[in-house]
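Only one structure is covered here, and it is reproduced in the block below.
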Amino acid sequence: MDRNKFHYMSGAALFAGIMAVLSQFAFPVGAVPVTLQTFVCAFAGGVLGWKWGAVSISVWLLLGALGVPILTMGKVGVGIFLSPVGGYYIGFILMAGFSGIYLKEKSRFFTQGVFALLGLILCYALGTVWFMMYFSLGLGKGMPLWTALTMTVFPFIGFDLIKVAAGVFCGIRIQKALRNAGLFLNE
């Protein structure tokens, strides 16, 4: 195995671990808790790039699905994907991927921030649609879009914007330091 691939695989494992630890710090605010998961998604993508950032979040989800208590507040099992918030978990993969799209070029906060925000919007969209479908198909009750957004998106926008900005900033700084050290060359 070449050194560069080893560094990316190690980085993906490290970010899966970071996500596992920071997922335990959750503050319930209605149907969806406030967590540091959006920070980690932006951070992982910003350091590892789109592919390995998404892999790191996928590893975290796979371990949680297999029974390791590392999902939000120690939740485990594939049942989390069948819950009202299952779409947000899948959306984290997209968010990490989008957050790392422009790493092959010299990272700029604005450009990378825009892609991280697009990833957040995709996460919100997938999570909201999933939330609505859970109530409609799973419980046989209608869930209007405005109600779903009011429960699962609007209360979190401010927090998430701050966390995404912090994740992008940290990702750019660490990516620059790693490049200067000769690590994480573009893949």
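The values are calculated or read from the model by the stated rules, or taken from the named source; none is laboratory data. Worth saying up front: this structure is predicted, and the values here are computed from it rather than measured. Every residue, glycine among them, receives a Cβ derived from its backbone with ideal geometry; neighbour counts consider all protein chains shown. Side chains included, ligands, DNA and RNA excluded: accessible areas come from the protein's heavy atoms. Shrake-Rupley method; radii C 1.70, N 1.55, O 1.52, S 1.80 Å.
Is there a residue in the stretch 5-13 that is closer than 25 Å to residue 152 by Cα and among the aliphatic types (A, V, I, L, M)? If you could, list the steps in order and put the result at the bottom.
From the stretch 5-13, those closer than 25 Å to residue 152 by Cα are none; that's our starting set.
Scanning the stretch 5-13 turns up no residue that is closer than 25 Å to residue 152 by Cα and among the aliphatic types (A, V, I, L, M).
For the stretch 82-94, a tally of residues being closer than 26 Å to residue 11 by Cβ and open to solvent by 40 Å² or more (accessible area, probe 1.4 Å) returns 3. Taken over the stretch 119-164, residues that are closer than 18 Å to residue 80 by Cα and among the aromatic types (Phe, Trp, Tyr) amount to 5.
Being over 25 Å from residue 118 (Cβ atoms) and either of a type outside the set (Phe, Trp, Tyr) or modelled with pLDDT of 90 or more (or both) is true for just one of 5, 51. Which residue is that? Steps first, answer last, please.
Numbers: 51 fails: over 25 Å from residue 118 (Cβ atoms).
Sole residue among the options that is over 25 Å from residue 118 (Cβ atoms) and either of a type outside the set (Phe, Trp, Tyr) or modelled with pLDDT of 90 or more (or both): 5.
Does residue 63 count as farther than 23 Å from residue 164 by Cα, surrounded by 15 or more Cβ atoms within 10 Å (Cβ to Cβ) and at pLDDT 95 or above? Before you say what the answer is, go through the steps one by one.
Details: farther than 23 Å from residue 164 by Cα: yes; surrounded by 15 or more Cβ atoms within 10 Å (Cβ to Cβ): yes; at pLDDT 95 or above: yes.
For residue 63, the condition - farther than 23 Å from residue 164 by Cα, surrounded by 15 or more Cβ atoms within 10 Å (Cβ to Cβ) and at pLDDT 95 or above - is met.
Of the helices (runs of 4 or more DSSP H) lying entirely inside the stretch 107-187, those carrying at least 2 residues that are within 17 Å of residue 53 (Cβ to Cβ) and out of contact with any strand residue (DSSP E or B) (no Cβ under 9 Å at 6 or more places or on another chain) are 109-133, 157-180.
Mind listing whichever residues of the stretch 22-63 are free of Cβ contacts under 8 Å to residues at least 40 places away in the same chain and part of a helix (DSSP H, G or I)?
Start the filter on the stretch 22-63 by keeping residues that are free of Cβ contacts under 8 Å to residues at least 40 places away in the same chain, which leaves 22, 25, 27-28, 35, 58, 61-62.
Once the filter is applied, which keeps residues that are free of Cβ contacts under 8 Å to residues at least 40 places away in the same chain and part of a helix (DSSP H, G or I), the stretch 22-63 yields 22, 58, 61, 62.
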